[in-house]
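What follows is one structure encoded as structure tokens, with my remarks underneath.
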Ligand code: MOS
């Protein structure tokens, strides 16, 4: 397939004759998870008893380890080794200027340099976890501290454009802004946010016949395998990487960390399996976080509400040598029409832990400003915020001029408004009371890009008619296992029960893994291709087999449904055919390579959020009563797992509005709230009624199945709808997230509310 246009032809998935595509089937691995038999990396049974490693985090933001003494630790009960930069094994260095998320070396305990608080500076391995933890306390470390810059607010005024990323200008924004009758110029701030995956970053490693076997918690099998091999200086094929079940990734498990490298090295040294996990507190500092942002939005509009100018400039930070920054202004380039535009980013470097990707990098932070700015502008114009958005809906991508592959944003808004009862919203804040509560409604748009990357898949059909899918794909809680089974069943034409899925293994056909909400479309499209190849092979087998009732028929005419192979009224069971004609089974491969003309279309997923909150005017507490998201994200593979993804994102948006945020301790460049007792996230009682609706859609410019991603769409814009609802409830506009009760109280008092 070298053109997007080839995807318009009907195929088994778009025809869905078995009805398996879209069906809300239960999770494939659900029974394993609820019975505790789907082990995470740390829980896998190694071939012999493991040793346990504990990493020691640096206690300073910047400087060097000036003295370290492991003598007492080495003499402690059960200790097998104690490593620092002085005695850690040799490793390779990464090439200079490798981008974020590159499959390059990431050596551990490399030198005496400390680049951030929490950087592992020593490793102790012992026969038990308790002995390793006890011995870790006996390692004596002295530091030479250097001045560190960890205060984003203080550094932000000195920010400059990120390397190679000039502002994007269209028309003349400044002139349009000056001339506009209605203007808005406000700044929104978002804090550092932490992934807090349920399963920590963890690795179990051992060596077998000169090969390194690692079970680790990673989103990307091939990248992590290659990165580890490069770190160790061995062939990629000498790393057998397994990541079968992952307890949450959210972008934080895109990169790999010292648990992986040190477990591999220590198990080689000891000739024994070694397990290393980050503690919860260490995860906060030793793995990546979403950096803070400060976003200035300027809008210029005519009295009719049409935008004449739009500008969004995001200031953010990354670590000293960091290659990631939050591109929070990017989404605004495709959202609303405005002839004069200015968008871009500013970056400062801080001596903080690693800045990295977190669920919907860019949109999740960025929509928190623009979607509230639109709410404020609507009020200034005396327009309903939904109507303002409708008036600024572009016909083509406003920056590239490219046609949209499909864009049902206005349909999401209109249908959502009707389902939610948006017409009952009072345009004036502070008007609706329920007992002591002030009640309000808010809405926001959602947009998140869609991607397709190269991937491969292998399908095997065994003698009993069972199809096994094998891919170096991961399931980070999203439902990859389940949707791959559905794609395989519908594409080949067998019942769902006749499909096995094996993923999370570097020996399987490579895929980019899970991230950027590209997982289902990318791995799934490769699986689809393999399924089509298997269909073809089955057709040729049947029509070419003298023992088959299909013998002599045109292979092109073969249909397979419910495990029955047929041409016209001649048919036989797939299991019977394979047992007779290919008892050794059939194995085929498939792959997807995005055609170059995919770039001729502007391609995104869309949604509209509607939220009702109640604000207690006495305490400033916000309660989310109702949330509705209506989404257009291509053909939905599984209405249950997709809904979970979308509602999960929406809940996280509530967290962005009300809870999420790490506070930096200026003395140490550490986070003062580094655990789930102190880092606020929503719990069940924080979320009221919650629904995610998925519109019927197929995007035939996305891939042969017309599917897109949903993993990141739900979080985009969700928090803005909460913030807008708070304003509508009580008249408090708070542009500094999270919107805590103290801030609501202060804003209400300042305005005499
Ligand atoms: Mo995602 S934040 O690209 O896993």
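Side notes on the structure shown:
- Hits in the stretch 591-601 (condition: surrounded by fewer than 22 Cβ atoms within 10 Å (Cβ to Cβ) and in a strand (DSSP E or B)): 591
Let's see how each residue does on (1) touching a helix residue (DSSP H, G or I) at 6+ places or on another chain (Cβ under 8 Å); (2) in a loop (DSSP other than H, G, I, E, B); (3) assigned by TED's automatic domain parsing to the domain that holds residue 677:
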position: 144; (1), (2), (3): no, no, no
position: 153; (1), (2), (3): no, no, no
position: 163; (1), (2), (3): no, yes, no
position: 169; (1), (2), (3): no, no, no
position: 175; (1), (2), (3): no, no, no
position: 186; (1), (2), (3): yes, no, no
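- Residue that is touching a strand residue (DSSP E or B) at 6+ places or on another chain (Cβ under 7 Å), surrounded by 19 or more Cβ atoms within 10 Å (Cβ to Cβ) and assigned by TED's automatic domain parsing to the domain that holds residue 17, where the choices are 445, 480, 460: 480
Quick grid of which residues meet (1) touching a helix residue (DSSP H, G or I) at 6+ places or on another chain (Cβ under 7 Å); (2) modelled with pLDDT of 95 or more; (3) crowded, with 21+ Cβ neighbours inside 10 Å; (4) within 30 Å of residue 408 (Cα to Cα):
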position: 500; (1), (2), (3), (4): no, yes, no, no
position: 515; (1), (2), (3), (4): no, yes, yes, yes
position: 527; (1), (2), (3), (4): yes, yes, yes, yes
position: 535; (1), (2), (3), (4): yes, yes, yes, no
position: 543; (1), (2), (3), (4): yes, yes, no, no
position: 573; (1), (2), (3), (4): no, yes, no, no
position: 605; (1), (2), (3), (4): no, yes, yes, yes
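- Test: residue in the stretch 229-244 that is within 16 Å of the ligand (Cβ to nearest atom) and in a loop (DSSP other than H, G, I, E, B): yes
Residue-wise test of (1) over 26 Å from the mean Cα position of the chain (by Cα); (2) loosely packed, with under 15 Cβ neighbours inside 10 Å; (3) not in a strand (DSSP E or B).
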residue	(1), (2), (3)
80	yes, no, no
86	yes, yes, yes
93	yes, yes, yes
97	no, yes, yes
104	no, no, yes
122	yes, no, no
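- Condition check for residue 697 on (1) farther than 15 Å from residue 629 by Cβ; (2) in a loop (DSSP other than H, G, I, E, B); (3) away from the ligand (no atom under 16 Å from the Cβ); (4) modelled with pLDDT of 95 or more: one failure, at (1).
- Candidate set: the stretch 249-306, residues that are within 16 Å of the ligand (Cβ to nearest atom) and part of a strand (DSSP E or B); chosen: the one surrounded by the fewest Cβ atoms within 10 Å (Cβ to Cβ): 289
The values are calculated or read from the model by the stated rules, or taken from the named source; none is laboratory data. Just so you know, these numbers come straight off a predicted model, no measurement behind them. Note: ideal-geometry Cβ built from the backbone for every residue, glycine included; neighbour counts use all protein chains shown.
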